[in-house]
Structure formats: structure tokens, C-alpha cells
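The values are calculated or read from the model by the stated rules, or taken from the named source; none is laboratory data. Please read all numbers here as calculations on a predicted model, not as lab measurements. Here Cβ is always computed from backbone atoms with ideal geometry, including for glycine, and neighbour counts include all displayed protein chains. We work out accessible area using only protein heavy atoms, side chains counted, and drop any ligands, DNA or RNA first. Shrake-Rupley method; radii C 1.70, N 1.55, O 1.52, S 1.80 Å.
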Amino acid sequence: QAQPVESGGDWVQSGGSLRLTCAASGLTVSKYIMAWFRQAPGQEREFVAALNYDGSPHYRDSVKGRFTISRDNAKNTVYLQMNSLKPEDTAVYYCAARSFILTMRPNDYDYWGQGTQVTVSS
């Protein structure tokens, strides 16, 4: 059973950094579109970043220049490096995977982790 497992969430002050890790169990990260989504309380789940098969990244506009998505094929792991964090980045962050085409719609993704909480204080 494919199951991404997130870790690395924490409480940080505004301007700080965190690195989230997605350990992919049961699937090979280089053979899937791997993405990060987030969901704040009372808000819909939203796309943050994704890696295409060729490793090319895509980001939502509000995180461009601050967040970096990457993968380590040898470790079968995907990362989200988050710098210059802002209070509005506070959310539960989810790792997700799907096949074929990179999209930004949560409903298109087949495999989801349980999420990791990121809290940014002002």
C-alpha cells in the first residue's frame, strides 16, 4: 500500500526556515508526480509545489523564491525547504502523489500522507 509519510513540521518565528520530508513507502518518487499541499484551519486544501517526472518544479505564486521542492531518488524521499516563512504559511502540510500529469487540484492526487503541522508566529 503506497503511503507517503511527512515529517519536519514545527513551530517557528516569522522569517525562519523549516525543511519538510516526505518518505514514500510503496511508491517510487521518480515515477510519480510528487506534490506538497497545505490546509489552514477553515480553508480549502491548496497546492504548494510539485515535481514533474523530469524533476522540474512548479510552485504557487506566493511561495516562489521562498520554497524549494526537491527529491532524492536514492532515498526515495521528497523535500520541501521553506525559507522566509510568514504567518500565512501556517497550515498542515501534506505530501501527495499521482501519475501522468502534474496538476494543482487536490482531488487529482491518489496517495496522501497524514500531514505535518507548520506554525509560523509573527
Quick one: how many residues across the range 6-29 are farther than 22 Å from Arg66 by Cα and either exposed (fewer than 15 other Cβ atoms within 10 Å of the Cβ) or out of contact with any strand residue (DSSP E or B) (no Cβ under 8 Å at 6 or more places or on another chain) (or both)? 3
So Thr90 clears everything in (1) open to solvent by 30 Å² or more (accessible area, probe 1.4 Å); (2) among the β-branched types (Val, Ile, Thr); (3) touching a Leu at 6+ places or on another chain (Cβ under 7 Å) except one condition, right? Which one? (3)
Filter result (over 28 Å from Ala74 (Cβ atoms), part of a loop (DSSP other than H, G, I, E, B) and of a type in the set (A, V, I, L, M)) within the range 1-54: Ala40
Confirm whether Glu6 is acidic (Asp, Glu), more than 15 Å from Met82 (Cβ to Cβ) and at pLDDT 95 or above. no
Scan (1) more than 21 Å from Ser122 (Cβ to Cβ); (2) assigned to a loop (DSSP other than H, G, I, E, B); (3) aliphatic (A, V, I, L, M); (4) within 15 Å of the chain's Cα centre (by Cα) for the single condition Leu85 breaks and write down its number. (1)
